[in-house]
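Reviewing the structure listed below.
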Amino acid sequence: MLVQDQTDAIQFLGDRQTHASDAVEHIETHISHIFLARDRAFKMKRAVKLPYVDFSTPELRLEACKREVHLNGPTAPGLYLGVRTITRDQAGKLQFGDGELVEPVVEMVRFDQGALFDRMAVDGRLTTKLLTQAARMIARYHRGAPVVHRGSGSANIGAVLAINRAGFATSRVFDETAVATVSQLFEEALKENGSLLDAREASGKVRLCHGDLHLRNICLIGGQPRLFDCIEFNDQIATIDTLYDLAFLLMDLWHRGFPQLANLVMNRYLDESDDEDGFTLLPFFMAIRAAVRAHVIATQVAEGGSQAHLVSDAHSYFEFARSLLAKVQPRLIVIGGFSGSGKTTVADALAPWLGAPPGARIIESDRIRKALHGVPAEAPLDADAYRPDVSDKVYSEIVRRSLAILKAGGSAVADAVFDRLHNRSLIEIASTAAGIPCEAVWLEAGVQILQQRVASRQEGPSDADLHVLAQQMSGGRGPLSWRMIDAEQPVGGIVREILEPGKAARASGQGRDRPKPLLT
């Protein structure tokens, strides 16, 4: 809670004369005051003392400011300018400069608030291309983050749960019985996932991460997504599993009503990071993140914030956390079809609605082939990369990954041509081995439609052209036992037909949360 009066410093930073500016914008968060004036932003730490942060003295706030500049500089070059101190002169007047320390502030370059990812999400400006860039950027950031070995992975997450319990204990927003029930569910999930968490820590997946990786802490600078405003005040909070770091962004996207974007970020991140072994931890990690947001908002209520709005938000995150802890039956959907049938488009639209949030892992043949050759998904490969022996490796990898995800309790969408009976049999056998039904579909479209789609393709993972399509069709697909779906209908209709076989023909289009193609 607030432990010092910062009124003088707030008035000083909010004064137009301080900045020689016609206007000063003041933004308040649960631990900061931010003042925007001309081409600068000044960030002041609130004098709070909470279970997870201690800004109770100017000296502690000064150290936190210095650390913020140091940690955020590499991920947001040119954005952080340094630390300035508000002091009191001999006459008792506040100023920037030497003198008795009153408050330290972080000085930053001001950027358009419309460049924040939360604003862009609301405005519908987050495209698949931009989020793919962001996911890859985060994966690179995690690869370079320092590995920290301070106890087991389960103990690390257990410490986060302890902070959550302490946060809920200071709040009167939530029913005590409901908090106890959810806390018990968290403890059960921790026990269930303990071995995997420990294995990930032993392999170096616990690192000094960003720690606060939600939409509002990603901005577009120079056309590139950049991370800023990481956790600088508590290394325990920031020293976490890399997928727990990512989970805040996934939770934020999903809770705001963008499940397809959350699924996209998850899939592109895992493509880049090769961290699929932790995929099934993501619902648990997202639940913890939702609980963190719930008790942080409850703290704002206790400090006298806008009661009705904040209480509603806190309960929304609390209930979301509870829902994420529910058990969900894993599913395997296998999508086959010739090039141009829309397999990848359908897989992208389908995956968010399978399994627990953030949805199903997409096992895509084109991306696997590019990864096997060590090139980006969009980089073209020559004909040698499509030899039959290489394709056999690709399909074997699809089967291996699908089986691993199913056995771990996750859901997957396997996306490949599957024009050979042998490859179709392999994925069916893997599904049987995991004890999960293989829900396989073949997307069927007329020759002219396939040709038009292939000819009009933009940049993407597939290298298929009209010649490749002609080869596929001349070879045929052999006897097919998979359910055939008309691929000439809208994507939403295909997804409904896959999710609810038998009902799609009667669907009138009023279904809840109808999947829509993503912006590219």
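Miscellaneous remarks
- Close pairs from region 359-377: first under 16 Å from residue 343 (Cα atoms), partner at pLDDT below 95 and assigned to a strand (DSSP E or B), Cβ under 8 Å, at least 6 apart: none
- Residue 322 vs. criteria surrounded by fewer than 20 Cβ atoms within 10 Å (Cβ to Cβ) and basic (Lys, Arg): yes
- Set 76, 41, 9: member being in a helix (DSSP H, G or I), surrounded by 19 or more Cβ atoms within 10 Å (Cβ to Cβ) and among the small types (Gly, Ala, Ser): 9
- Pairs with Cβ under 7 Å, 6+ apart, first in region 124-146 and within 13 Å of residue 209 (Cβ to Cβ) and touching a residue at least 12 places away in the same chain (Cβ under 8 Å), second polar (S, T, N, Q) and surrounded by 19 or more Cβ atoms within 10 Å (Cβ to Cβ): 139/273; 141/75; 142/242; 142/273
- With respect to (1) open to solvent by 10 Å² or more (accessible area, probe 1.4 Å); (2) closer than 22 Å to residue 487 by Cβ, the lone exception for residue 329 is condition (2).
- Taken as a whole, the condition of being of a type in the set (Gly, Ala, Ser), in contact with a Leu (Cβ under 7 Å, 6 or more places away or on another chain) and surrounded by fewer than 23 Cβ atoms within 10 Å (Cβ to Cβ) applies to residue 189.
- None of 383, 351 is among the aliphatic types (A, V, I, L, M) and open to solvent by less than 60 Å² (accessible area, probe 1.4 Å) except 351.
- Residue selected from region 407-428 under the condition part of a helix (DSSP H, G or I) and open to solvent by less than 10 Å² (accessible area, probe 1.4 Å), by the criterion nearest to residue 189 (Cα to Cα): 427
- Region 429-455, subset in a loop (DSSP other than H, G, I, E, B) and at pLDDT 95 or above, residue farthest from residue 346 (Cα to Cα): 446
- Residue within region 53-71 that is touching a helix residue (DSSP H, G or I) at 6+ places or on another chain (Cβ under 7 Å) and in a strand (DSSP E or B) present: yes
- Within region 231-299, helices (runs of 4 or more DSSP H) holding 3 or more residues that are out of contact with any Gly (no Cβ under 9 Å at 6 or more places or on another chain) and either modelled with pLDDT under 95 or open to solvent by 10 Å² or more (accessible area, probe 1.4 Å) (or both): 259-273
The values are calculated or read from the model by the stated rules, or taken from the named source; none is laboratory data. Just so you know, these numbers come straight off a predicted model, no measurement behind them. Heads up, the Cβs are rebuilt from the backbone with ideal geometry, glycines too, and the neighbour counts pull from every protein chain shown. Heavy atoms of the whole protein, side chains included, go into the accessibility calculation; ligands, DNA and RNA do not. Shrake-Rupley method; radii C 1.70, N 1.55, O 1.52, S 1.80 Å.
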